[in-house]
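Undergrad: Here it is: the structure, laid out below.
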Amino acid sequence: MQLVVKNMNEELAKQILTWKYVSPYDFYNNEESSESLKELLENPYYAVLNQNNELVDFFCIGKSAQVPFGSTVGAYSEEIIDIGIGLNPSLAGQGFGAAFFSFILSYIQENFKSDSIRLTVASFNKRAIHLYTKLGFLPKMKFNKESTEFITMVKNLIV
């Protein structure tokens, strides 16, 4: 499968905002609002398209990838590039995660020159945690925001 990274645009952002995940992953559903659209368009968000020019996933880097509350408990005190990802729900659970996320990791490594990369995941998301662990991410810190526990995970990119 051929994949390409594109800068986020309004059409792609609007598609992402309509994505609906099944429970318990509905935690990741976005609200279709002007604020959500603004977040996707005015911050470092990128779309990943397949060979048919279909949106398969997206990712963001920097503060947009962080859970804001995590800063208050020191989860992001180290200078590491943060990444957040979202897979098209129609592709979830079909074994594409490793290929898509490996592609994104390679893109980040080539374009953002960082020694390490960090992500934050809700601890109930065992499927994602399994994938991240398989790709070399190690748990770093846990924190709670209301009733949700989050885990930061870090991967060293220097071999």
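Undergrad: Can you tell me which residue in the stretch 78-98 is farthest from Ala13 (Cα to Cα), limited to those that are touching a residue at least 12 places away in the same chain (Cβ under 8 Å) and among the charged types (D, E, K, R)?
TA: Applying the filter and picking the extreme gives Glu78.
Undergrad: So, of the residues in the stretch 29-43 that are under 15 Å from the mean Cα position of the chain (by Cα) and surrounded by fewer than 16 Cβ atoms within 10 Å (Cβ to Cβ), which turns out to be modelled with the lowest pLDDT?
TA: Residue satisfying both the conditions and the ranking: Asn29.
Undergrad: Right, another one. For Ala47, indicate whether it is more than 19 Å from Ala98 (Cα to Cα), surrounded by 14 or more Cβ atoms within 10 Å (Cβ to Cβ), modelled with pLDDT of 95 or more and of a type in the set (Gly, Ala, Ser).
TA: no
Undergrad: Does Tyr21 fit the bill of being of a type in the set (Phe, Trp, Tyr), within 21 Å of Tyr132 (Cα to Cα) and either free of Cβ contacts under 8 Å to residues at least 60 places away in the same chain or buried (at least 18 other Cβ atoms within 10 Å of the Cβ) (or both)?
TA: No.
Undergrad: Give the stretch 136-159 a look and list any residue that's touching a residue at least 24 places away in the same chain (Cβ under 8 Å) and either touching a Phe, Trp or Tyr at 6+ places or on another chain (Cβ under 6 Å) or hydroxyl-bearing (Ser, Thr, Tyr) (or both), or say none.
TA: Hits for the stretch 136-159 are Phe143, Lys145, Thr148, Phe150, Thr152, Met153, Lys155.
Undergrad: Arg118 fails exactly one of the following numbered conditions: (1) in contact (Cβ under 8 Å) with a residue 60 or more places away in the chain; (2) within 19 Å of Glu78 (Cα to Cα). What is the number of that condition?
TA: (1)
Undergrad: Across the stretch 111-126, what is the number of residues that are basic (Lys, Arg) and farther than 19 Å from Phe143 by Cβ?
TA: 1
Undergrad: Out of the residues in the stretch 43-68 that are out of contact with any helix residue (DSSP H, G or I) (no Cβ under 6 Å at 6 or more places or on another chain) and among the small types (Gly, Ala, Ser), state the one that is farthest from Ser147 (Cα to Cα).
TA: So the residue we want is Gly62.
Undergrad: Among the residues that make up the stretch 99-110, is at least one of them free of Cβ contacts under 8 Å to residues at least 12 places away in the same chain, over 13 Å from the mean Cα position of the chain (by Cα) and closer than 28 Å to Lys140 by Cα?
TA: Yes, the stretch 99-110 has at least one match.
Undergrad: Looking only at residues that are closer than 27 Å to Lys126 by Cβ and surrounded by fewer than 12 Cβ atoms within 10 Å (Cβ to Cβ) in the stretch 1-18, which one is modelled with the lowest pLDDT?
TA: Per the stated criteria, the residue is Met1.
Undergrad: To continue, here is another question. Where in the stretch 48-159 are there strands (runs of 3 or more DSSP E), lying wholly inside it, with at least 2 residues that are closer than 20 Å to Val22 by Cβ?
TA: Strands (runs of 3 or more DSSP E) meeting the threshold: 55-61, 81-87, 116-122.
The values are calculated or read from the model by the stated rules, or taken from the named source; none is laboratory data. Predicted model, so just to flag it, every value in this text is computed and none were measured. In this analysis, Cβ positions are derived from the backbone assuming ideal geometry, glycine residues included, and neighbour counts consider all displayed protein chains.
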